[in-house]
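Have a look at the structure below, then the notes.
Laboratory data are not the source of any read-out in this text; all were calculated from the coordinates shown. Owing to the predicted nature of the structure, the values given are computational and were not obtained by experimental measurement. All Cβ positions, even for glycine, are placed from backbone atoms using ideal geometry, and neighbour counts span all protein chains on display.
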Amino acid sequence: MNAKSPITTHILDLGTGRPADGVAVTLSKVLGGRKTLIAEGITDNDGRIMNWFDAPLDAGHHRLTFATGIWYQERGLETFFPEVSLDFHVADTDAHYHVPLLLNQWGYSTYRGS
């Protein structure tokens, strides 16, 4: 699969200033409190997941879940957040949604990228 997914992500580990490669990530659709898995993947050497699925995107509530605790544990480091879940709303099903994660052991930040 070579086309860019309608939802992509990138993780930067602010503690090292480097991309966070090897982080497991899931993407789910959330409806009525129930999650339906859309895709799952692992960040590449640049901390990105760009082409993990090519299905059309439904409007509504979506959730990216990053397995940050396991990732830090594999590096022999402690972290406060065993996982990071980012919920967002898709309104335009023809748009591209890039959801980056700026991460360190004790906190995180995000935004809608391009």
Near pairs, Cβ below 6 angstrom, 6+ apart or cross-chain, from the stretch 3-15 (within 12 Å of GLY47 (Cα to Cα)) to any residue that is buried (at least 21 other Cβ atoms within 10 Å of the Cβ) and of a type in the set (S, T, N, Q) | ILE11/THR43
Can you tell me which of PHE66, PHE53, PHE81 is more than 16 Å from LEU103 (Cα to Cα), among the hydrophobic types (A, V, I, L, M, F, W, C) and surrounded by 15 or more Cβ atoms within 10 Å (Cβ to Cβ)?
-> PHE53
Restricting the search to the stretch 82-114, which residues are out of contact with any helix residue (DSSP H, G or I) (no Cβ under 9 Å at 6 or more places or on another chain) and outside any strand (DSSP E or B)?
-> ALA91, ASP92, THR93, ASP94, ALA95, HIS96, TRP106, TYR111, ARG112, SER114
How many residues, within the stretch 13-49, are more than 10 Å from the chain's Cα centre (by Cα) and under 18 Å from PHE88 (Cβ atoms)?
-> 12
If a residue has to be in contact with a strand residue (DSSP E or B) (Cβ under 6 Å, 6 or more places away or on another chain), surrounded by fewer than 18 Cβ atoms within 10 Å (Cβ to Cβ) and among the small types (Gly, Ala, Ser) to count, how many in the stretch 1-21 make the cut?
-> 1
Taking interchain pairs and intrachain pairs at least six residues apart, which have beta carbon atoms under 6 angstrom, with the first residue in the stretch 36-58 and at positive phi and the second surrounded by 19 or more Cβ atoms within 10 Å (Cβ to Cβ) and assigned to a loop (DSSP other than H, G, I, E, B)?
-> GLY47/ALA20
What single numbered condition from (1) exposed (fewer than 15 other Cβ atoms within 10 Å of the Cβ); (2) polar (S, T, N, Q); (3) in contact with a strand residue (DSSP E or B) (Cβ under 7 Å, 6 or more places away or on another chain); (4) within 21 Å of SER5 (Cα to Cα) fails to hold for SER109?
-> (4)
